[in-house]
Amino acid sequence: MTTAEAGVHLLDQAAWASLTGPHAHFAEGTGRALRYPADVSPIMAVPPVQDEQVWADLHRLAGPGALVLLAGDLSERPDGWGSEFEGDGLQLVATDALRSRPSDEVVTLGAADVPQMLDLVARTRPGPFEAKTYQLGTYLGVRRDGVLVAMAGERLHPPGWTEISAVCTDPAHRGRGLATTLVRAVAHNIRQRGEIPFMHASADNVNAVRLYRSIGFEIRRQVRFSALRSPEGETS
């Protein structure tokens with residue numbers, strides 16, 4: 001079942017809309033439970049309406065005792081599924097007030113930059129980021145003396161939309177507008193394709209939410225982030 005068939009907005013189940021849409025070539029799993037390859041992203045997705053078969057397929061896809069990362073509205077999960085973490089996030093969408101533009105200060109990042117990207121992520125913890133996450137879209141960065149000190153890029157890709165993600169700046173280089181420069185540059189690329197930028201942020205990350213709103217994003221909705229532990233038993 002697609003988000004359209006369920007009468008759900010694409011952004012309400014952004015990962016599902018991505019893996020059944022523009023990112024279908026990354027999708028692993030069944031028609032009722034999908035995931036990105038583990039070295040691309042730990043994100044998994046289920047359709048807007050979940051039944052027992054969806055949970056069974058998700059268990060089979062993840063394996064016994066595995067950590068399952070989901071975002072969006074979930075039905076009551078069956079017995080045996082544990083909760084490692086559940087938290088509130090905010091989904092923000094770009095408005096006409098966002099002044100997106102390229103910058104001579106940024107560079108496009110690729111496979112050769114992965115060690116520095118992973119090192120920056122380890123220092124700043126912007127969220128899940130794996131060795132091949134950069135393959136999801138264009139990632140841009142800023143270097144100082146040859147060292148990557150800030151970056152941002154494209155992650156989820158529902159039809160007509162692209163998520164700006166992995167926005168991070170080395171602590172020694174914060175307060176200099178690098179995040180704003182990068183978000184505007186990534187948004188420029190997205191708009192050049194005729195798509196709309198959107199973002200996610202933890203609800204308690206007040207500084208990030210304030211920044212994104214100040215440059216032209218508005219809060220669309222609250223999102224529930226869940227890290228679940230699949231049942232230990234064998235999958236059927």
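A short reminder: the numbers here are calculations on the coordinates, not readings from a lab. These figures come from a predicted structure and were not determined experimentally. When we count neighbours, we look across all protein chains shown, and the Cβ atoms used for this are built from the backbone with ideal geometry, even at glycine.
Some observations on this one:
- The stretch between Val49 and Arg176 holds 41.3 nm of extra length on full extension. This uses 0.36 nm per residue minus the Cα-Cα distance.
- C-alpha long axis of helix 52-62 to longest principal axis of the chain, angle in °: 60 degrees
- Computed extension gain for Asn205 through Asp73, at 0.36 nm per residue and net of the alpha carbon distance, reaches 45.4 nm.
- For the chain, with +1 on Lys and Arg beta carbons and -1 on Asp and Glu, the positive-most of His25, Val206, Leu90 along the dipole: Val206
- Descending by average beta-carbon neighbour count within 10 Å, the peptides 37-50, 144-157 line up as 144-157, 37-50, the highest first.
- Ranking of Asp96, Asp88 by count of other Cβ atoms within 10 Å, fewest first: Asp96, Asp88
- Values of log10 I(q)/I(0) for the chain across q = 0.09, 0.13, 0.16, 0.18 Å⁻¹ run -0.37, -0.78, -1.15, -1.41, by the Debye formula with one identical scatterer at each alpha carbon and no solvent.
- The ranking of Tyr134, Tyr139 from fewest to most other beta carbons within 10 Å of each one's beta carbon is Tyr134, Tyr139.
- Modelled spin-label separation between Ala122 and Thr108, with each label point placed 7 Å from Cα along the Cα-to-Cβ direction: 2.8 nm.
- Helix 178-192 and the long axis of the chain differ in direction by around 70°, with both axes built from C-alpha atoms.
- The angle between the Cα long axis of helix 114-124 and the longest principal axis of the Cα atoms of the chain comes to about 90 degrees, rounded to the nearest 10.
- Cα-Cα P(r), the stretch 92-220, percent of pairs per 10 Å interval: 13, 49, 34, 4
- DSSP finds beta bridges in the stretch 92-220, and of those with both partners inside it, around 80 percent are antiparallel.
- Rounded to the nearest 20, the Cβ-based charge dipole of the chain about its Cα centre (Lys and Arg +1, Asp and Glu -1) stands at 1000 debye.
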